[in-house]
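The values are calculated or read from the model by the stated rules, or taken from the named source; none is laboratory data. Here the structure is a predicted model, which is why all the values come from computation and not from measurement. We place every Cβ from the backbone using ideal geometry, glycine too, and count neighbours over all the protein chains shown.
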Amino acid sequence: MSQNVERESMEVDVLFVGAGPATLASALHLMNRIEAHNARVDREGGDPIEPPTVLVIEKGAAVGDHMLSGAVMNPKALAELVPNFADEGFPTEYICDNDMTYVFTKKRAFRLPANLPPFKKRGYHIVSLSNIAKWLAERCEAAGVEIYPGFAGDKLLTEGNRVVGVRTGDMGVDKNGSPKSTFQPGMDIYAKVTVLGEGVRGTLSKALISQFGLEGEQPQVYETGIKEIWKIKPEKHRPGRVIHGMIPHELIHHFGGMWLYDMQGDLISYGMVTALDAESPHNDPHLVSQKFKTHPWMRELLDGAELVRYGAKTIPIGGMYSMPKLYVDGAMLVGDSAGFCNGEKLAGIHMAMKSGMMAADTIVDGLVAKDFGTTTLGSYQERYRQSWAWKEHRKARNFHGSWAKGLPFFFLNEPVRMITGGRGLLDPVPFEAGHEATRRLAELPESKRERESFEFDGKLTFTKEHLVGFSGAQHETDQPSHLVVADTDLCRDVCAEEYGNPCESFCPAAVYEMVPDEEHPGKKKLFIHHENCVHCKTCDIADPYQVITWTPPEGGEGPDYTQM
Ligand code: SF4
């Protein structure tokens with residue numbers, strides 16, 4: 001849209017972008033800290049802190065709609081945030097009391113006699129991340145935080161080297177970019193400090209990291225997690241069970257694994273993670289997930305079961321060395337946007353919450369000092385350095401590198417890594433960004449150049465098109481595609497030949513389709529079904545030419561991950 005439209009603006013003290021575990025924990029901790037400070041001042045004297053205006057904007061239609069995770073949560077950060085959370089109606093489904101690791105061969109399943117250390121989850125809370133977000137949001141609002149769902153952060157507002165706020169996305173623009181009768185220009189929200197917690201590969205976070213040169217020592221790398229909720233037969237339901245599984249190489253051809261746990265109402269959460277730094281351009285997280293359901297063990301579990309929900313999300317697994325610098329003048333990064341995730345344990349919710357709380361402590365310093373420049377906000381980085389989150393991250397710092405260097409190195413390095421507090425034989429173990437690891441078809445053995453074919457049975461295994469219907473994804477069709485492909489000729493003329501159009505494989509929602517190009521007989525052109533998008537961000541990450549940019553569609557659109 002035109003830059004010249006008249007926009008409303010508003011000013012707040014603290015602006016959070018995204019309503020997830022990191023930002024909501026941050027907003028709540030901020031209000032709690034200020035209340036405690038002012039109560040102390042009442043008793044003991046001193047200067048009170050003027051309660052700030054705090055706003056959270058969220059692109060989903062409601063808080064929790066875009067929250068998806070395999071959620072077996074370490075309660076460590078939550079206990080720091082709300083010590084009596086159990087009495088406060090925290091939405092725990094079950095507490096894990098039976099954690100196991102399985103090794104799956106092509107036909108059989110073996111439970112390891114002792115669970116692997118990264119998968120020890122006993123005492124952890126089995127939750128729905130969507131429900132956690134709702135629970136936190138209620139507490140934030142009760143503490144005086146404003147939450148605006150349906151508002152997507154579209155653009156960073158900067159003055160020189162300082163972030164001064166965020167512009168929200170325009171609404172009511174047609175597919176040609178012209179205003180419709182419902183047109184509403186986005187609003188400029190100015191803030192003393194802006195906290196970006198938009199989840200993985202957030203649009204504004206990506207812009208901030210690039211614009212301010214905040215990249216980590218190593219590139220960030222990602223997995224795509226596919227999650228399905230099934231209603232199983234009551235006699236197969238096992239409350240408190242959490243399974244992590246290693247799956248046969250014939251299935252995944254690369255790094256990844258499965259999880260499974262039980263939720264209330266005879267539901268199970270089944271998920272599969274597939275790393276995106278595979279050599280094969282045909283790497284297809286959805287296909288891996290469907291194929292695994294044909295394993296006899298899964299067939300038996302899902303016999304008589306009914307699919308309830310489907311979704312997908314990327315996970316940042318690079319670890320400590322892949323994290324960007326966490327602050328600039330006027331802004332901080334929290335949660336998945338900053339890579340707060342333990343890739344070895346496949347656990348990020350507790351890390352995200354802790355990052356938000358450390359950012360909140362830093363904002364309190366800023367409110368006292370009346371300064372949100374780099375000197376004040378820099379203490380966020382230092383707080384992280386002194387925290388249990390850093391210690392946990394440090395132990396896992398070479399996990400991904402160890403794997404990415406290949407199996408022989410992995411098996412040699414892992415025992416050393418375990419006894420050297422995460423160091424291993426090399427520190428850091430270098431690795432490439434996922435899209436750089438993807439090989440051209442001509443570089444692969446002939447047997448691996450064709451895309452794999454698979455018959456979906458429509459009962460246990462489903463096409464992407466079918467599964468999108470279980471994600472609740474909704475987008476207005478008459479709007480510019482929020483998937484921006486910088487050069488579609490490249491898809492037709494170069495990518496088809498070099499990589500075989502991997503967008504058709506890696507997207508788990510059948511958004512990208514190469515269709516016959518009438519103007520170029522014998523060739524195919526890209527068609528984008530943007531209305532299918534489940535906001536997983538895989539395309540923005542995995543495209544080998546890096547010409548796909550995921551941008552927020554109109555606020556309020558996207559998947560509906562309630563209960564996920
Ligand atoms: Fe994920 Fe991109 Fe496909 Fe949307 S278009 S579902 S973000 S891969």
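Take Asn176 and decide whether it is surrounded by fewer than 18 Cβ atoms within 10 Å (Cβ to Cβ) and at negative phi.
yes
Just to be sure before I move on: is Met258 within 16 Å of the ligand (Cβ to nearest atom) and surrounded by 22 or more Cβ atoms within 10 Å (Cβ to Cβ) in the structure I sent?
no
Kindly indicate the residue of region 221-243 that is of a type in the set (D, E, K, R) and within 21 Å of Thr562 (Cα to Cα) and also farthest from the chain's Cα centre (by Cα) among those meeting that condition.
It comes out as Lys231.
Name the single residue that is nearest to Lys354 (Cα to Cα) among those in region 69-108 being surrounded by fewer than 17 Cβ atoms within 10 Å (Cβ to Cβ) and among the small types (Gly, Ala, Ser).
Ala79
Hey, among the residues in region 519-562 that are of a type outside the set (A, V, I, L, M, F, W, C) and free of Cβ contacts under 8 Å to residues at least 24 places away in the same chain, which one's farthest from Ser280 (Cα to Cα)?
Per the stated criteria, the residue is Glu519.
From the list Ala152, Ala142, exactly one residue is within 29 Å of Met564 (Cα to Cα) and crowded, with 19+ Cβ neighbours inside 10 Å. Which is it?
Testing whether each residue is within 29 Å of Met564 (Cα to Cα) and crowded, with 19+ Cβ neighbours inside 10 Å leaves just Ala152.
Any idea which of Ala77, Ala36, Ala19, Ala27 is among the aliphatic types (A, V, I, L, M), part of a helix (DSSP H, G or I), within 26 Å of Gly165 (Cβ to Cβ) and at pLDDT 95 or above?
Answer to the check: Ala27.
Yes/no matrix, rows are residues, columns are (1) under 28 Å from Val127 (Cβ atoms); (2) surrounded by 21 or more Cβ atoms within 10 Å (Cβ to Cβ):
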site: Pro521; (1), (2): no, no
site: Ile541; (1), (2): yes, yes
site: Tyr545; (1), (2): no, no
site: Gln563; (1), (2): yes, no
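When you scan region 496-503, do you find a residue that is under 23 Å from the mean Cα position of the chain (by Cα), among the aromatic types (Phe, Trp, Tyr) and either in the same structural domain as Asn283 (by TED's automatic domain parsing) or modelled with pLDDT of 95 or more (or both), even just one?
Taking every residue of region 496-503 in turn, none turns out to be under 23 Å from the mean Cα position of the chain (by Cα), among the aromatic types (Phe, Trp, Tyr) and either in the same structural domain as Asn283 (by TED's automatic domain parsing) or modelled with pLDDT of 95 or more (or both).
Criterion first (assigned by TED's automatic domain parsing to the domain that holds Thr23 and aliphatic (A, V, I, L, M)) does Ala360 satisfy it?
Spelling it out, Ala360 is indeed assigned by TED's automatic domain parsing to the domain that holds Thr23 and aliphatic (A, V, I, L, M).
Of the residues Leu467, Leu460, Leu490, only one is in contact (Cβ under 8 Å) with a residue 40 or more places away in the chain and buried (at least 18 other Cβ atoms within 10 Å of the Cβ); which?
Leu467
Would you check which residues across region 400-416 are assigned to a helix (DSSP H, G or I) and surrounded by fewer than 20 Cβ atoms within 10 Å (Cβ to Cβ) and list them?
Leu407, Pro408, Phe409, Phe410, Phe411, Leu412, Glu414, Pro415, Val416
Here is a list: Arg439, Arg397. Which entry is surrounded by fewer than 23 Cβ atoms within 10 Å (Cβ to Cβ) and among the charged types (D, E, K, R)?
So the residue among Arg439, Arg397 that is surrounded by fewer than 23 Cβ atoms within 10 Å (Cβ to Cβ) and among the charged types (D, E, K, R) is Arg439.
Are there strands (runs of 3 or more DSSP E) fully within region 464-564 with at least 3 residues that are within 13 Å of the ligand (Cβ to nearest atom)? List them.
Here the list reads 483-485, 524-528, 548-550.
Scan (1) modelled with pLDDT under 95; (2) of a type outside the set (S, T, N, Q); (3) farther than 22 Å from Tyr321 by Cβ for the single condition Leu346 breaks and write down its number.
It is condition (3) that Leu346 fails.
Considering only residues that are away from the ligand (no atom under 16 Å from the Cβ) and part of a helix (DSSP H, G or I), look in region 307-344 and name the one that is nearest to Val14 (Cα to Cα).
Taking the candidates together, the pick is Gly335.
I'm told Phe110 meets every condition in (1) under 26 Å from Lys313 (Cβ atoms); (2) hydrophobic (A, V, I, L, M, F, W, C); (3) not assigned by TED's automatic domain parsing to the domain that holds Val56 except one. Can you identify the failing condition by its number?
It is condition (1) that Phe110 fails.
Give the residue that is farthest from the ligand (Cβ to nearest atom), with candidates limited to residues of region 192-220 that are surrounded by 24 or more Cβ atoms within 10 Å (Cβ to Cβ) and more than 19 Å from the chain's Cα centre (by Cα).
Across region 192-220, the extreme among qualifying residues is Val193.
Any residue that is touching a Gly at 6+ places or on another chain (Cβ under 9 Å), of a type in the set (S, T, N, Q), at pLDDT 95 or above and over 30 Å from Ala359 (Cβ atoms) - is there at least one of those in region 316-324?
Checked against the condition, which is being touching a Gly at 6+ places or on another chain (Cβ under 9 Å), of a type in the set (S, T, N, Q), at pLDDT 95 or above and over 30 Å from Ala359 (Cβ atoms), region 316-324 yields no hits at all.
Taking Glu279 as meeting all but one of (1) more than 22 Å from Phe399 (Cα to Cα); (2) in contact (Cβ under 8 Å) with a residue 12 or more places away in the chain; (3) away from the ligand (no atom under 16 Å from the Cβ); (4) acidic (Asp, Glu), write down the number of the exception.
Condition not satisfied by Glu279: (1).
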